[in-house]
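The values are calculated or read from the model by the stated rules, or taken from the named source; none is laboratory data. As the structure is a computational prediction, the values presented were derived from the model and not from experiment. Reconstructed Cβ throughout: ideal geometry from the backbone, glycine too, with neighbour counts over all protein chains shown.
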């Protein structure tokens, strides 16, 4: 405890901004009311093009094991949301460290990088001039895991042009295994697919590396003083047999899409968005044993602390947080009333079975789909229907930032983890619609003091 207090005092003196945030959350889940607290320390130091950012969080919600037992830190565990450096020059920016990171599109339904701003160890180079922009981002997934995950890493790239108020870009990502960092994916500006194809094929003295799962697609957006409009598509696999060999096996299309935008009016800022993804889109591919190539931070859906606990999909997907086999719609509203910042949204989301880590659900491989071949999308008898409302307010009193948040959620046929069949070679559980309905509410009260 003394070391922590000393470090807090030290960073207080070297920072431009030091913030202390204390929050109280009250969760109500089917009459099971729980209250927990959170403490956040934020420190920043900015000088010209140099930005230092640190953020340490402590929570006692029981989600993870307390960092030093139940008594030493009163049941709190520590969590690092940000800890990195950003060097921002005129036309390029370099970011590295553990940082929250985002997609190129300004949307709650971004496809390649989750809009949830999940933190990860990243290294990002971003260049932009008047007509061209390019970004390459390394994302650490698993490194020297003590619970058995293989070393895994990912690389995200986008190449784009600007004309007038429009931007058009090619986007791609690759997930690789057996190493947490492959430097060539990050440094080589050639698209990831060709980097993989050249390096892993045999018969050459420089052959190295391992297989990777690549996804690719495009985005187009438009921005002016009053509105923002975008469209984005992600493709893992497209069934070409429908054109060249319609009588043969039809592999499933693995595609995700997102579109929407916002408009500023005298009554506030309104947004409307929609996104979806076919079944299997973000899951691992292969013959059932390549379970580590899913577009996720962890190659599993459970972890263990006082029994088995679920890794929530929205906290695991690298990209679109609602995952595959889903269709979602969201309305947003923002405004300022008497110095009170209001931010709200309402979401309606439909989901079928999904698994971030199991390649073909209860099947051994794609060969077992047989007569059920073809694209799968919300075609089950039971589907999850989720209604989610969020309202957030923040304002200042005597220089202290006060914030309040409310989340109301009702779910029909809630997705729950189910074991797979005996025929499944992977034996990683699946999320499936159940016959259970759930009401959930969360009230968040907090304040932030900045020095």
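Observations on the model:
- Flag set for residue 363, criterion: over 25 Å from the mean Cα position of the chain (by Cα) and either touching a residue at least 60 places away in the same chain (Cβ under 8 Å) or in a loop (DSSP other than H, G, I, E, B) (or both).
- Looking across segment 419-451 at every residue that is surrounded by fewer than 15 Cβ atoms within 10 Å (Cβ to Cβ) and without any contact (Cβ under 8 Å) to a residue 60 or more places away in the chain, the one that is farthest from residue 349 (Cα to Cα) is identified as 422.
- Selection status of residue 285, modelled with pLDDT under 95, touching a helix residue (DSSP H, G or I) at 6+ places or on another chain (Cβ under 9 Å), more than 23 Å from residue 419 (Cβ to Cβ) and surrounded by 15 or more Cβ atoms within 10 Å (Cβ to Cβ): no
- Hits in segment 76-102 - residues which are out of contact with any strand residue (DSSP E or B) (no Cβ under 8 Å at 6 or more places or on another chain) and under 30 Å from residue 272 (Cα atoms): 102
- Checking residue 163 against (1) more than 22 Å from residue 320 (Cα to Cα); (2) buried (at least 17 other Cβ atoms within 10 Å of the Cβ); (3) at pLDDT 95 or above, the condition it does not meet: (2)
- Of all residues in segment 396-406 being more than 20 Å from residue 28 (Cβ to Cβ) and modelled with pLDDT of 90 or more, the one that is surrounded by the fewest Cβ atoms within 10 Å (Cβ to Cβ): 397
- Among the residues listed as 140, 128, the single one being modelled with pLDDT of 95 or more and crowded, with 17+ Cβ neighbours inside 10 Å: 140
- Which listed residue is crowded, with 17+ Cβ neighbours inside 10 Å, more than 21 Å from residue 55 (Cα to Cα) and touching a residue at least 24 places away in the same chain (Cβ under 8 Å), from 119, 150, 108: 108
- Looking at segment 175-263, the helices (runs of 4 or more DSSP H) lying wholly inside it that each contain 2 or more residues that are free of Cβ contacts under 8 Å to residues at least 40 places away in the same chain and touching a strand residue (DSSP E or B) at 6+ places or on another chain (Cβ under 7 Å) sit at 192-200.
- Of the residues screened, residue 168 is one that is surrounded by fewer than 17 Cβ atoms within 10 Å (Cβ to Cβ) and assigned to a strand (DSSP E or B).
- Flag: residue 409 does not match the condition of being at pLDDT below 95 and outside any helix (DSSP H, G or I).
- Residue match in segment 198-209 (condition: closer than 29 Å to residue 325 by Cα and surrounded by 12 or more Cβ atoms within 10 Å (Cβ to Cβ)): no
- Residue count, segment 189-213 (criterion: closer than 23 Å to residue 292 by Cβ and modelled with pLDDT of 90 or more): 1
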